[in-house]
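Enquirer: So that we are looking at the same thing, I have put the structure below in structure tokens.
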Amino acid sequence: MARRGRGRGSRGLRARRAWVRRQRPARRDGRPARRRPPVRAPEAAGDLAAALDFVRKRHEVVHLVGYSWGSMIAGVALERGVSVDSVVLYAPVYRPDPERVSAFDPGDPPAPKREATREETRERWDAHFGESEPDDYRDPGAFDAFWETLHEGQGVGPDSIAAPNGTLADLTAAARGERAYDAGAVTAPALVVRGSLDRTATRADALGLYDALGSDDREYAELAGGSHFLAVERRRGALFDRVAAFHDRVEP
């Protein structure tokens, strides 16, 4: 997140620009494409560093937000010395419980992607709510809107998407103690935030990450009634306001 002005947008958020890098082009020489290993956090962190360098040349203040696996990517980039004014580690995974990743199957050797169906994706989201009614925590049309957006960019069939396997590979390695990065090397002002219902980014793991951070200026926040998909649930406003308040406080 990069800032120039001070004007606020809806729900108390400032106007911000998002920057992405284009995907690498496919081979066009007619030869069969070699099966590449999945993109892991260290490789993705190189792309992030290039994007941050581009943004830094155009904006005085840059706040980095890493979500889920993106928190690992952000951590690797920060350990390598990228410059940001703060980092938010939202729904982070640092050293997950081995039991929670025991069912992961990225393949041997890991395939670059895996296929996930609409039903599997909905079941994964709903599982965070236990016996409660999902509509108590998200708008009735939220899943359909989420899936349509996801399928538009990653669809490989009428009811399936291609999901990156680097996520599973990195989480499995981290559960074995092979952490993607050293949290002690992260010294930028930091906010660790999660939803209280999140079964992926657990309280124990998030607090362990918070304790391990090398930042002298760090905060921990937990928002009741939110899952791993809090940003698109009913309590999303509380998340946005909490992150915006943190940015306000650490603004240079």
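Enquirer: If you go through the stretch 119-128 one residue at a time, how many are buried (at least 18 other Cβ atoms within 10 Å of the Cβ) and touching a helix residue (DSSP H, G or I) at 6+ places or on another chain (Cβ under 8 Å)? So that I can check it myself, show each step before the final result.
Expert: Pass one, the stretch 119-128, residues buried (at least 18 other Cβ atoms within 10 Å of the Cβ): 121, 125, 128.
Narrowing the set further to residues that are touching a helix residue (DSSP H, G or I) at 6+ places or on another chain (Cβ under 8 Å) leaves 121, 125.
Residues flagged as buried (at least 18 other Cβ atoms within 10 Å of the Cβ) and touching a helix residue (DSSP H, G or I) at 6+ places or on another chain (Cβ under 8 Å) within the stretch 119-128 amount to 2.
Enquirer: Just one of the numbered conditions (1) closer than 24 Å to VAL186 by Cβ; (2) in a loop (DSSP other than H, G, I, E, B) is not true of ASP211; which one?
Expert: Of everything listed in (1) closer than 24 Å to VAL186 by Cβ; (2) in a loop (DSSP other than H, G, I, E, B), ASP211 misses just condition (2).
Enquirer: Considering each of ALA174, ALA188 in turn, give the residue that is touching a residue at least 60 places away in the same chain (Cβ under 8 Å), assigned to a loop (DSSP other than H, G, I, E, B) and surrounded by 15 or more Cβ atoms within 10 Å (Cβ to Cβ).
Expert: ALA188
Enquirer: Inside the stretch 208-252, can you point out the residues that are small (Gly, Ala, Ser), on the phi < 0 side of the Ramachandran plot and touching a residue at least 24 places away in the same chain (Cβ under 8 Å)?
Expert: Once the filter is applied, which keeps residues that are small (Gly, Ala, Ser), on the phi < 0 side of the Ramachandran plot and touching a residue at least 24 places away in the same chain (Cβ under 8 Å), the stretch 208-252 yields GLY208, ALA212, GLY214, SER215, ALA221, ALA224, GLY226, SER227, ALA231, GLY237, ALA244.
Enquirer: On to the next question. Please work out which one of (1) free of Cβ contacts under 8 Å to residues at least 24 places away in the same chain; (2) assigned to a loop (DSSP other than H, G, I, E, B); (3) of a type in the set (A, V, I, L, M) is the condition ALA180 fails and give its number.
Expert: All conditions pass for ALA180, except number (1).
Enquirer: Out of the residues in the stretch 74-93 that are open to solvent by 10 Å² or more (accessible area, probe 1.4 Å) and out of contact with any strand residue (DSSP E or B) (no Cβ under 6 Å at 6 or more places or on another chain), state the one that is nearest to ASP248 (Cα to Cα). Show your work before the answer.
Expert: First, pick out the residues of the stretch 74-93 that are open to solvent by 10 Å² or more (accessible area, probe 1.4 Å): 78-85, 90.
Filter again for out of contact with any strand residue (DSSP E or B) (no Cβ under 6 Å at 6 or more places or on another chain), leaving 78-83.
On the way: LEU78: 21, GLU79: 24, ARG80: 26, GLY81: 23, VAL82: 21, SER83: 18 Å.
Restricting to residues being open to solvent by 10 Å² or more (accessible area, probe 1.4 Å) and out of contact with any strand residue (DSSP E or B) (no Cβ under 6 Å at 6 or more places or on another chain), the top hit is SER83.
Enquirer: With the condition kept exactly as written, say whether any residue in the stretch 159-166 is free of Cβ contacts under 8 Å to residues at least 12 places away in the same chain, among the acidic types (Asp, Glu), farther than 15 Å from VAL232 by Cβ and not in a helix (DSSP H, G or I).
Expert: No.
Enquirer: If I go through the stretch 200-252 residue by residue, how many of them are among the aromatic types (Phe, Trp, Tyr) and under 24 Å from ARG124 (Cα atoms)? Quick ask: steps written out before the conclusion?
Expert: Start the filter on the stretch 200-252 by keeping residues that are among the aromatic types (Phe, Trp, Tyr), which leaves 210, 220, 229, 240, 246.
Next, from what is left, pick out any that are under 24 Å from ARG124 (Cα atoms): 229, 240.
Summing the residues that are among the aromatic types (Phe, Trp, Tyr) and under 24 Å from ARG124 (Cα atoms) in the stretch 200-252 gives 2.
Enquirer: Taking the stretch 191-205 only, how many residues are open to solvent by 40 Å² or more (accessible area, probe 1.4 Å), of a type outside the set (Gly, Ala, Ser) and either free of Cβ contacts under 8 Å to residues at least 12 places away in the same chain or not in a loop (DSSP other than H, G, I, E, B) (or both)?
Expert: Adding up the residues that qualify gives 1.
Enquirer: Of (1) closer than 26 Å to VAL61 by Cα; (2) in contact with a strand residue (DSSP E or B) (Cβ under 6 Å, 6 or more places away or on another chain); (3) in a loop (DSSP other than H, G, I, E, B), TYR220 satisfies all except one. Which?
Expert: Of everything listed in (1) closer than 26 Å to VAL61 by Cα; (2) in contact with a strand residue (DSSP E or B) (Cβ under 6 Å, 6 or more places away or on another chain); (3) in a loop (DSSP other than H, G, I, E, B), TYR220 misses just condition (3).
Enquirer: Looking for something under 15 Å from the mean Cα position of the chain (by Cα) and touching a residue at least 12 places away in the same chain (Cβ under 8 Å) - is there at least one such residue anywhere in the stretch 54-64?
Expert: Yes; the residues of the stretch 54-64 include at least one that is under 15 Å from the mean Cα position of the chain (by Cα) and touching a residue at least 12 places away in the same chain (Cβ under 8 Å).
Enquirer: Which one of the conditions (1) within 23 Å of ALA221 (Cβ to Cβ); (2) more than 18 Å from the chain's Cα centre (by Cα); (3) without any contact (Cβ under 8 Å) to a residue 40 or more places away in the chain does ASP85 fail to meet, given that it meets all the rest?
Expert: Of everything listed in (1) within 23 Å of ALA221 (Cβ to Cβ); (2) more than 18 Å from the chain's Cα centre (by Cα); (3) without any contact (Cβ under 8 Å) to a residue 40 or more places away in the chain, ASP85 misses just condition (3).
Enquirer: In the stretch 146-162, what count of residues is obtained for those that are of a type in the set (Gly, Ala, Ser) and open to solvent by 50 Å² or more (accessible area, probe 1.4 Å)?
Expert: 1
Enquirer: Right, here's the next one. Every residue in the stretch 206-222 that is under 17 Å from the mean Cα position of the chain (by Cα) and open to solvent by less than 40 Å² (accessible area, probe 1.4 Å), please.
Expert: The answer is ALA206, LEU209, ALA221.
Enquirer: Show the residue pairs that are 6+ apart or on different chains and have beta-carbon atoms under 7 Å apart, the first residue being within the stretch 129-141 and open to solvent by 50 Å² or more (accessible area, probe 1.4 Å), the second being not in a loop (DSSP other than H, G, I, E, B).
Expert: TYR137/PHE129
The values are calculated or read from the model by the stated rules, or taken from the named source; none is laboratory data. Note that the coordinates shown come from a computational prediction; the quantities given were computed from them, not determined experimentally. Note that we place each Cβ from the backbone using ideal geometry, even for glycine, and neighbour counts take in every protein chain shown. Surface areas here come from the heavy atoms of the whole protein model, side chains and all, with no ligands, DNA or RNA. Shrake-Rupley method; radii C 1.70, N 1.55, O 1.52, S 1.80 Å.
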